Each structure stands twice: as structure tokens, then as C-alpha cells.
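Encoded as C-alpha cells, the structure appears first; notes follow it.
The values are calculated or read from the model by the stated rules, or taken from the named source; none is laboratory data. Please read all numbers here as calculations on a predicted model, not as lab measurements. Heads up, the Cβs are rebuilt from the backbone with ideal geometry, glycines too, and the neighbour counts pull from every protein chain shown.
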Amino acid sequence: MNSISIKSLILAIIISGVGIVSTYSVSLQVGNQLKTESYLKIENISEQISIRFQDAIDKSVNDLQGLQAFYSANEEHLSQDEFNQYMGVLDIKSRGYIQALSWVPLIPGDQRKSFEALLQTQEPNFEIKENTKKSKLVTSGIKPYYTPVSYVSPYDFNREVLGFDLNSSDTRRQSLESARNTGKMVTTSKIKLVQELSDSAGFLIIAPVYKKGAPIGNIEQRIDALLGYTTGVFRIDTLMEKAKARADTEGLKLTLLDVNADNGSVLYGKKNDNQFFSFDLTIPDRKWQLNIALNENLLAQIESPSVIKWILASGTVISLLLAFAVYALQVAVIRAKNITVLSDELKNQNHRLEKTVMKRTQSLADKNTELKAHVVELKTQRVLLSRLMKEAESAKVLAEKRSIDLARSNKDLDDFAYVASHDLKAPLRGIDQLATWVVEDIEEGNLEEIPDHLKMMRNRIGRLETLLSDLLTYSRANHQKVSFSVINSHMLVNDLFMLVAPLNGFTLTINDQLPTFSTFKAPFEQVIRNLLSNAIKHHHKEEGGIEVGCIDTGLFYEFSIKDDGPGISLQYQEDIFKMFKTLRPRDEAEGSGMGLALIKKIVEHYSGEVRIESSEGQGCTFYFTWPKEITE
């Protein structure tokens, strides 16, 4: 081999080496740029997943706030139908991330039987249950108070949870007490759901409901004013379903952590130390963290993109071909001149390759900017949607309140229409009949029965006046201004008995010392006076005994007025509290039948209850509850 061939070979080797080194350098630059752009893209996708997941949580909280407002706006016990009606409007079945919404009242231990009896009219097998250590529901033992699941929606999938006392679980009980004491929504840690047959975990969001208008400025006031809780039940796998589908599409792995729990409890996925992105999530009273990692295939594609291999391979082949060409041309044809030509060609090739790389890099940067703009727009739309949802919830709550008020007004209107068409017409028909008889007697010259007929006519006129007076009293009940004062109920009962009882024949017995407390005097006095008058007026004898007692039930005093009269059969005990209902003919007992209806209206206005215990021939005992504290 001559010196020219050796020089050509050396020059070819140099050229191929320079080409390979240049190709390797360009491939490193391209690889680093592609990795940067790929990680930015994955970060944006991860942020979108976290935003949509936070949206699902926010919508769930909004739904639960709506149910909380619905119960807070109502003073009376809501029925299953009213709960179902609200759930029908809310339509939570369309929200795949909510397992259930439920109403959980606070039931004192001494009211357990009456509460179970009330719920059994709607759910025959209803009873308060607790969870054993083996996760089996059994009848609950005796406790100072209970927090049973009373109403739940959707019903079919969650019927097993009805009656479950949330207080029987340590985790749930701690969250209930926290919500009650703070007055805010509280989220439990990860728990096993009662209605789940599998090992799938879930959590509860609990919202406290207090008595309407009650003070809740401190813990003691919030404990006294608590009515119960509205709860949202969530299955973690269901909540993560959409986020997981997007993550699987993009080649990502999700891990959901409860930061408040010890050592960061894993709610979903597997704990992984190699997390690429982490996002904090806001949920009532807790902090969650969504961690996102790349699966092995995606990580390999980003770290070693195939385009780099193609750049290296093509650059190496081109470099070798150029070297071979330089060597061949040097040896065979123009030797030294071709070295410059080939060198220029190699530079041009590298320049074109760099331009291609720069163009690709600029394209990726433009797409990344466009993606960021979409993310910003998505955040803005989410804020606007949240504001619109809150306004819609407020409008819905106001509409429901007005609907309830309208229904109550329509019922009162129906009652008054019945009175005008029936009870008011009855005495008038009697007066008309008696007047006809008087005219006939005068025409026939029979004057002996006229005084009796006139006396009966006056009696019916007096009954009509009584009916109109009692009707006016009933319509004005709870609408007049009343004074707020401290009353001694013991002295008040004595004074009222002396006022309504005959001079002889009836005795009054007061068991123990009746309480002294602050309340509205006029309505309370009217309830006591009507019950004492009712016991005397409907007694079947000229003499008898009346017993008055009172017990403290916690938030209320329960007063009892017992007589030894004829008693009332069980079949009539519900009718006596209706307007214009009497069990004896009106010619035998004076009265309009409004007394007990007026009592019921007044007591229930102050959140109390009226009931009767009696059997025919063994007297009656009327019970009514009156709040111990009323805000003036």
C-alpha cells in the first residue's frame, strides 16, 4: 500500500470518526430535548387528572351541602317520601362517584322505641343495629344515644345499612363528634363499608345539622342544638375509576394517600418511592395527596426514544459511507480535492440534520404552549361551574322552602273550607228547621212546644258562636306576639285548676315539684288550661280526680295530665286531635271540638309533641313536651 492510499485511509478514518462523534453529540441534544418535552407533557396530563379528580370531590361536597341545607331548613321530622322527593331532584344515580347519601338523626336512648316504631311504619323490619368485631350487624345494645341511618339513597343497593348506628364504630364515632363540635364537614379515614361484600374500602363525609335558629356559637351550644347528620358514602375504587382510565391510557400509575393518617395511609394503589408528580387534594377536614408515576414502558420510551437510535444508526452509516467514498475517490480520482468536497458535504448533512432537529423541537414547544393554555382555560371553567352550582343549590333550597310553606297554607285552607261547608252549616240547618217548626206551630195554634223550640234554637246559636270563636282562636294561634317571662309551673297549674274547676267535686294532685323556667307564658298557659278544662268537661261523673306530673327528658320537659274519666278507645285516639272532632253528640257536651287541635298546633309550633295513653273506662293521660329553653 503506497503512501497516498495510507493517507487516504487515514483521512477516511478521520472523517468517519468526526461524523460519528457529531452524530452522537446531536443525538444527545435531541434526546435531552425530547425527554424534557415529554416530561412536560406528562406533567400537564397529570395536572388535568388531579383537577378532574378534585372536581368530583367538590361536586360531592356540594351535593352533601345541599342535603344538609334541606334538613337545616325544616323544623319538623321529615318523612321517607320527602327525603326520596329531594333525592329524585338531586338524581345522584347520574353521579357515578357517590355511593350513597343518607340522613342520620340523633336519637336519645329513652326515645329509641318510639323512633323505631315510627320508622317501622315506612320500613317494617327497621331496627337500630351495631357492627360486631366480625363485621356482622346485630341488634344494638342499650346506649345513652344512637345515630342510626334512617333514610338512604339509592335505596336498593344500600338497604342493608338502614338502622346501622354509626356511633358503634370507633372511626365513625370520632368523626361524628368532630363534626358536631366544630360545626363543619368532616371526612373519615379509610373504612370498610357496611354495604360492601368485597374488601373494597371507602370513606364518609359527615355534615352536622342543627335546630333551626338555635345558637351554635360554642361547643356546648352545638351539642345541645344537634339534630343529626347528613352523610355521603364514597367507594374509593369508584371515585378513582375515571382518573385510572385516563392514567392507563397515558401509561401512568396512580397512588392516593391520606396525609392526615399515620405514615400516610394508602387509599388507592401501591406506595411507590419513585413518584414523578405529586398533587395536594382538598377534602373536608383532611388532606389527600395524589402521586403519579410512569410505568416501565413509558419510562423506557422517554429515557431512550427510538428516534435517537435512528439518528445514531443513520449518522453512523452516512459517516462510514462518506469515509468509504473519500477513500475511494482519493485513491482513484482526485484524491486531495475530494477530501474538501466530502468534508463540505458532511458539514451540509450535519447542518440539515440540526435544522430538522430544531424544527422538531420548536414544534414540540408550540404544542406544549397550546396545552398549557388549555389547562388554564379548564381551570377558569371549573371555577365558573362551581359558582353556578352554588347559585343553583341556593335557588333550589329557597324553592323547596317556599313549596313547603305553600303546602302548609293549602292544608289550612282545606281545613277552613271543610268547616265552612260542614261544621258551620250544621247549626244553621238546625236553626232553620226549628224556625220552620215554630212557624208551623203558630199557624196551627199549637203554642206549647214553641218555648222548647226557641230554647233549642238559642242553644244552636250559642254553639255556632262558640264554633266561630274557637275557629278564630285556632287561626290566630302562634301568630300573636307573646311575652317571654319566668313562670312557676307548679303555681300556674294550681291557679288554672281553681279557674276552670267547679266549686266542689274535683280534686287536683301534683306529683313532685313542677319546674320553674323561662318561656312564652301565654301559649303554655293556654295548653295547660285547655287540658284541665277538657278533663273536667268530658268527665262522666260529677266528681273526679286530676293528677299533674312532669319529667325532665334532656332538652324538653314532659308534662302529664291524668284523669279518672270514661277514657277513650284506641280507634279514636288519633281523631281527637283533628279539627272539630268530638266523641260525644254536641247536644250532650258543649264545645266545638277545637280544644285538642289547638293544643297540638301550639305544642308542635314550639317543636314539642302531644300524645295520649288511654283505654275505654280507665281514664286518660295526656302527655306533651315543652322546650326547656326558648330563644326570645
Test Tyr229 against the criterion of being out of contact with any Phe, Trp or Tyr (no Cβ under 6 Å at 6 or more places or on another chain), over 19 Å from Ile128 (Cα atoms) and assigned by TED's automatic domain parsing to the domain that holds Glu116, and give yes or no.
no
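Among the residues of region 492-518, which ones are assigned to a strand (DSSP E or B) and touching a helix residue (DSSP H, G or I) at 6+ places or on another chain (Cβ under 9 Å)?
Those that are assigned to a strand (DSSP E or B) and touching a helix residue (DSSP H, G or I) at 6+ places or on another chain (Cβ under 9 Å): Phe506, Leu508, Ile510, Thr516, Phe517.
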Restricted to region 328-340 and to residues being at pLDDT 75 or above and not β-branched (Val, Ile, Thr), the residue surrounded by the most Cβ atoms within 10 Å (Cβ to Cβ) is Leu329
Note on Pro515: of the conditions (1) buried (at least 19 other Cβ atoms within 10 Å of the Cβ); (2) touching a His at 6+ places or on another chain (Cβ under 9 Å), unmet is (1)
Unmet requirement for Met87, which otherwise passes all of (1) crowded, with 16+ Cβ neighbours inside 10 Å; (2) under 30 Å from Glu123 (Cα atoms); (3) outside the structural domain of Tyr97 (by TED's automatic domain parsing)
(3)
Residue within region 348-371 that is closer than 30 Å to Asn74 by Cβ and at pLDDT 80 or above present
no
Residue pairs within 7 Å by beta carbon, gap of at least six or interchain, first lying in region 195-213 and surrounded by fewer than 18 Cβ atoms within 10 Å (Cβ to Cβ), second among the charged types (D, E, K, R) and modelled with pLDDT of 95 or more, listed first then second, are none
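Only one residue in Lys271, Lys244 is of a type in the set (Lys, Arg), on the phi < 0 side of the Ramachandran plot and within 28 Å of the chain's Cα centre (by Cα). Which one? Quick ask: steps written out before the conclusion?
Numbers: Lys271 fails: within 28 Å of the chain's Cα centre (by Cα).
Exactly one of Lys271, Lys244 is of a type in the set (Lys, Arg), on the phi < 0 side of the Ramachandran plot and within 28 Å of the chain's Cα centre (by Cα), namely Lys244.
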When you look at Thr238, is it at pLDDT below 90, in contact with a strand residue (DSSP E or B) (Cβ under 6 Å, 6 or more places away or on another chain), surrounded by fewer than 17 Cβ atoms within 10 Å (Cβ to Cβ) and not in a strand (DSSP E or B), yes or no?
no
Members of region 528-559 found to be part of a strand (DSSP E or B), in contact with an Asp or Glu (Cβ under 9 Å, 6 or more places away or on another chain), among the β-branched types (Val, Ile, Thr) and buried (at least 17 other Cβ atoms within 10 Å of the Cβ), listed by number
Ile546
Of the numbered conditions (1) under 22 Å from the mean Cα position of the chain (by Cα); (2) part of a helix (DSSP H, G or I); (3) not hydroxyl-bearing (Ser, Thr, Tyr), Ile98 fails exactly one; give the number of that condition.
(2)
